[in-house]
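Have a look at the structure below before the remarks.
The values are calculated or read from the model by the stated rules, or taken from the named source; none is laboratory data. All values derive from a computational prediction rather than experimental measurement. Counting neighbours? That spans all protein chains shown, and the Cβs are built from the backbone with ideal geometry, glycine included.
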Amino acid sequence: MKAKLKDGFEVEILDAVIGSWDFLEVLSDIDEGEMGLLVKAARMMLGKEGVKALKEHIRDADGKVATDAMVDALQEIMESANELKNSEPSPA
């Protein structure tokens, strides 16, 4: 499924990961303070190429990718994924 940032940038979310227990465990560990797992969650959710594309989108004029900007974008992608998932018609 495609997720879209407010600025229009689109990235593909790996559908199979969003509903996986492993991904949920990583998110739970992040909620418990293991912020280093954000990188793993991003790679699981977007794949390496998706993360690379997102980083290039966020990279500033000095060539840096700010951690805060990346975290904000990942949160926005997760929110977008939840909205898309909730708007899908339920199976009959």
Legend entry - Among residues of the stretch 40-53, those that are over 13 Å from residue 22 (Cα atoms), touching a residue at least 12 places away in the same chain (Cβ under 8 Å) and surrounded by fewer than 18 Cβ atoms within 10 Å (Cβ to Cβ), counted: 2
Legend entry - Counted residues, the stretch 16-67 - those being charged (D, E, K, R) and over 13 Å from the mean Cα position of the chain (by Cα): 11
Inset, instruction - Look at residue 6 and say whether it is in a helix (DSSP H, G or I) and loosely packed, with under 12 Cβ neighbours inside 10 Å. - result: no
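Among the residues of the stretch 58-81, how many are part of a helix (DSSP H, G or I) and either buried (at least 16 other Cβ atoms within 10 Å of the Cβ) or of a type in the set (Gly, Ala, Ser) (or both)?
Here the count works out to 10.
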Legend entry - Selected residue (criterion: modelled with the highest pLDDT) from residues of the stretch 19-36 that are surrounded by 11 or more Cβ atoms within 10 Å (Cβ to Cβ) and among the small types (Gly, Ala, Ser): 28
Inset, instruction - Return yes or no: is residue 39 outside any helix (DSSP H, G or I), modelled with pLDDT of 90 or more and at negative phi? - result: no
